[in-house]
Amino acid sequence: MTAQRRSHLDPIAIASLLLCAALWGLNQTASKVAVAEIPPLLQAALRSAGAALLLGLWAGVRRIPLRPAASAPPTLWPGLAAGALFALEFGCIFVGLQYTSASRMAVFIYLAPFFVALGMPWVAPGERLRGAQWSGLAVAFAGVAIALGESFSAVTGAGPRQWWGDALGVAGAALWAGTTLTIRATRLSNAPAEQTLMYQLLVSAPLLGLASWWVGEAWPAQASGLAWGALAFQTVIVTFASYLLWFWLMRHYPATQISSFTLLTPVFGLAAGVGLLGEPLTSRLVIALVAVSGGIALVSRRPRAA
């Protein structure tokens, strides 16, 4: 059955997106804390595997079928593609956090709405952006470009390879947009949210695990409770609960408006990085933050009725 899709964001969607934005902003800080003791690709693999287990238990209790019905259109290949993009996205993010700050990563990966807006007209012509909305995305992109230029200076004190971490954040944004577009362009757009998420978790866990083994990452001999707690937060709250909510929203609301609304996440990510980790707050990063926050006001604005 085709999911009922609304034409604009209602209060339920706005509140849900605000919650997701806050959790995802804090997620970068949790990842940064854990990556100091748990290798990045191994951490990402454990996160996906743990969330897949939780999702399987949730579906069993709620009696939600995770396997596609025999009479339903096939979703295997789109699911494998979405899962591979999901694995690449978080591989970039977790490795990038070794070289850049959590607050900067939170800004860069939320370029995803820019890439979604570029590709969405090819997927759903009815979700084309208008002039004011394109202006909002342009403002947000310009702000991030200003912050990216700072990567090559010594102002932020994150090390000489900070530019590499920032670039991986931008790559993660492009891959996140690719996942969104894949879901909307294929039969996954009408699949249950739990099934869509399970595809990504089950595919990404072994891919990230193999990548961890390939590069020679070792299991942490003695990680602190703080590191394991940060990983548990990412697994239970972020990857399981918030992503399930995210995919439900994607099935019921316009994808462009949803993706653009998550530009608020850098606000929470910047606050968490500066407040909890003591990361430097530079003027260029503040400019980028203001730009992406202003851009969302234009992109998410409901068009006037004809």
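Descriptive notes on the structure:
- Calculated FRET value between VAL236 and TRP213, using beta carbons and R₀ = 22 Å, to 0.05: 0.30
- Extents of region 20-129, largest first, come to 47, 40, 24 Å (Cα atoms, principal axes, whole angstrom).
- Stokes-Einstein diffusion for the chain at 20 °C, viscosity 1.002 mPa s, with a Kirkwood radius from C-alpha pairs, works out to 110 µm²/s.
- Packing-based ranking, highest mean first, of 214-226, 34-46, 105-117 given that Cβ atoms within 10 Å are counted: 105-117, 34-46, 214-226
- Shape call, region 176-292: gyration tensor on alpha carbons, a/c limit 1.5: oblate
- Per residue, the chain reaches -22500 deg cm²/dmol at 222 nm when only DSSP H runs of four or more residues are counted, each adding -39500 (n - 2.57).
- Extension gain for the segment VAL286 to LEU19, taken as residue separation times 0.36 nm less the Cα-Cα distance, is 93.9 nm to one decimal.
- Using the Cβ-Cβ distance between HIS8 and ILE64 with R0 = 35 Å, the FRET efficiency computed as 1/(1 + (r/R0)^6) comes to roughly 0.80.
- Dimensions of region 181-245 along the principal axes, based on C-alpha atoms and rounded to the nearest Å, stand at 44, 27, 16, largest first.
Computed from the coordinates by the stated procedures, all read-outs in this text should not be read as laboratory data. Just so it is clear, the structure is predicted and the values come from calculations on it, not from any experiment. Using ideal geometry, Cβ is built from the backbone for each residue, glycine included, and neighbour counts are taken over all protein chains shown.
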